[in-house]
Each structure stands twice: as structure tokens, then as C-alpha cells.
Amino acid sequence: KFVREEVSKSEAKLGADVGKVDAALTEEKARTTATNDQLGQTKVAVQQADKTATEATSLAKTAQGRADEGVAKATQAQTRADEASRR
């Protein structure tokens with residue numbers, strides 16, 4: 001009888017401890033899922049930002065090329081104006 005009572009007490013305590021561990025595990029799984037969801041959203045945002053940055057870089061290079069052409073044309077025009085002025 002004593003042994004049965006002690007085993008019963010141990011089983012009850014063990015059951016309570018397992019319940020606590022199970023609850024903590026469930027909570028941790030929920031946190032992990034939320035973190036994974038946030039990570040997925042962050043990855044999408046990073047990909048969008050990278051795409052935008054790539055597009056901006058391309059536009060900047062195009063603008064730089066046009067600006068260089070403009071400077072070259074302005075230099076040519078200045079040279080022609082100087083020549084015309086000398087004549």
C-alpha cells in the first residue's frame with residue numbers, strides 16, 4: 001500500500017512536470033513559428049529592396065551616361081563658340 005501511494009504521488013508529480021514541459025514546448029513552437037513568419041517577411045522585404053536598389057543603380061548609370069553626353073556636347077559647343085568668336 002505504501003509503495004502504491006508513493007508511486008501514485010510520483011506519477012502525479014511527473015504528470016504535472018510533463019504538463020509544464022509540454023506547455024513550454026507548445027509556447028516555444030508558437031514563438032518559433034512567429035519568428036519564421038517574420039523572417040519570411042523580412043526576406044521578401046530585402047528582396048524587394050535589392051530589386052529597387054538594382055533598378056536605381058541602373059537608372060543612375062543611365063543618367064550618368066546622359067550627363068556625360070551632355071558635358072561632351074557642351075564642350076563641343078564651347079569649342080565651336082570659341083572658334084566662331086576667334087573668326
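The values are calculated or read from the model by the stated rules, or taken from the named source; none is laboratory data. What you see is a predicted model, and the numbers here were worked out from it, not measured in a lab. As a convention, Cβ positions derive from the backbone with ideal geometry for all residues, glycine included, and neighbour counts pool all protein chains shown. SASA here: full protein model, heavy atoms, side chains in, ligands and nucleic acids out. Shrake-Rupley method; radii C 1.70, N 1.55, O 1.52, S 1.80 Å.
Farthest toward the positive end of the dipole of the chain, out of Ala12, Thr35, Ala56, is the Cα of Ala56, where the dipole comes from beta carbon charges about the Cα centre. As I understand it, the value is the acute angle between the Cα axis of helix 2-86 and the longest principal axis of the Cα atoms of the chain; what does it come to in degrees, rounded to 10? It works out to around 0 degrees. In this simple spin-label model, placing a label point 7 Å from the Cα along the Cα-to-Cβ direction at both Thr62 and Asp37 gives a separation of 3.9 nm.
What is the magnitude of the charge dipole of the chain about its Cα centre, with +1 placed on the Cβ of each Lys and Arg, -1 on the Cβ of each Asp and Glu, and no other charges, expressed in debye to the nearest 20? All intermediate terms of the calculation are to be shown ahead of the outcome.
Numbers: 15 positive and 14 negative charges, 74 e Å.
Result for the chain is approximately 360 debye, rounded to the nearest 20.
Ignoring ligands, DNA and RNA, what percent of the 1.4 Å accessible area of the chain is carbon and sulfur? Spell out each step's value before the answer.
Numbers: 4460 of 7840 Å².
Answer for the chain: carbon and sulfur cover 57 percent of the accessible area.
Give the accessible surface of the chain per residue, rounded to a whole number of Å², with probe radius 1.4 Å and ligands, DNA and RNA excluded. Please report the intermediate quantities before stating the final value.
Values: 7840 Å² over 87 residues.
Value for the chain: 90 Å² per residue.
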